[in-house]
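Here's the structure we're looking at; comments come further down.
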Amino acid sequence: LLFYGLQLNPSDAQAKDFPGAGDAHRGFEILQEHDVSAGVLLPFEILVEGDFTPAELEAIGRRLEETDGIVGAAAPETHRTAELALVEAFPSSDASSKETRKTIERLKDDVIPELRSELGPETRVTVAGFPPESREFVRAVYGTFPYVLLFVILVTYVLLMRAFRSVFLPLKAVILNLV
């Protein structure tokens with residue numbers, strides 16, 4: 001038995017789902033032909049704040065490249081100030097795919113805490129960028145959906161029970177609405 005509602009991906013559309021014509025689509029096809037990941041379109045931004053050296057930023061980039069789900073990382077000099085830097089990490093899959101969710105969790109749970117402990121307390125490392133932001137938004141909006149659905153079902157049942165003065169008729173209506 002399949003539950004189609006549980007298979008929905010509430011994230012943004014993936015690059016493969018965009019219209020199949022035009023210059024942007026042709027550019028995406030060229031990237032795919034040359035084995036460039038769709039993850040380059042929306043990379044992770046690793047924010048480094050505090051006291052760091054360029055060598056430490058390069059080490060962060062190498063550590064990110066070793067992570068499953070990341071195909072490359074870069075710490076360009078143009079993305080740095082005295083106490084702030086961005087390291088871009090490019091996922092191996094589209095930013096809205098289910099595989100990227102696992103990569104985000106891996107970064108947040110394993111890689112970033114390791115980097116924080118290596119760099120010391122004076123340096124702060126954070127996962128940023130569109131893919132993690134999108135995941136947090138989906139979690140905030142849809143995380144309580146089962147409770148909202150249960151509340152609506154209960155209120156509907158009680159109101160119909162009061163209106164029809166029956167126990168089974170509202171139960172039948174609620175079950176049919178769920179189906």
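When the label point is put 7 Å from the Cα of Glu49 along its Cα-to-beta-carbon vector, which residues of region 87-119 have a backbone N closer than 15 Å?
Residues passing the 15 Å test: 87, 116.
Once you have the Cα-Cα distance between Glu77 and Leu150, take 0.36 nm times their residue separation minus that, and quote the gain in nm to one decimal.
21.1 nm
If I compute solvent accessible area with a 1.4 Å probe over the protein chains, what percent of it on the chain is carbon and sulfur?
Looking at the chain in its full context, I get 61 percent from C and S.
Any chance you could give the angle, 0 to 90 degrees and rounded to 10, that helix 23-33 forms with the longest Cα principal axis of the chain?
Orientation of helix 23-33: about 70 degrees from the principal axis.
Give the angle, between 0 and 90 degrees and rounded to the nearest 10, that separates the Cα long axis of helix 54-65 from the longest principal axis of the Cα atoms of the chain.
Between helix and principal axis, roughly 40 degrees.
Relative to the longest principal axis of the C-alpha atoms of the chain, give the angle of the C-alpha long axis of helix 145-164, reported between 0 and 90° and rounded to the nearest 10°.
Helix 145-164 and the main axis of the chain meet at about 10 degrees.
Between Glu66 and Ala163, what FRET efficiency follows from the Cβ-Cβ distance if R0 is 41 Å, with the result rounded to 0.05?
That gives a FRET efficiency of 0.05.
Simple spin-label model, 7 Å along Cα-to-Cβ: Asp109 to Glu136 in nm?
With each label placed 7 Å out from Cα toward Cβ, I get 1.9 nm.
Using Cα extents along the principal axes in Å as the read-out, say which of (i) 58, 37, 27; (ii) 38, 34, 30; (iii) 74, 46, 28 was calculated from these coordinates.
Correct label, based on the coordinates given: (iii).
Within 10 Å of each candidate Cβ there may be at most 12 other Cβ atoms; applying that plus a DSSP loop requirement, which trypsin sites (Lys or Arg not before Pro) in region 82-179 survive?
Listed in order of number, the matching sites are Arg165.
The values are calculated or read from the model by the stated rules, or taken from the named source; none is laboratory data. None of these values were measured; they are calculated from a predicted model. Quick reminder, even Gly has a Cβ in these numbers, built from the backbone with ideal geometry, and neighbours come from all protein chains shown. We work out accessible area using only protein heavy atoms, side chains counted, and drop any ligands, DNA or RNA first. Shrake-Rupley method; radii C 1.70, N 1.55, O 1.52, S 1.80 Å.
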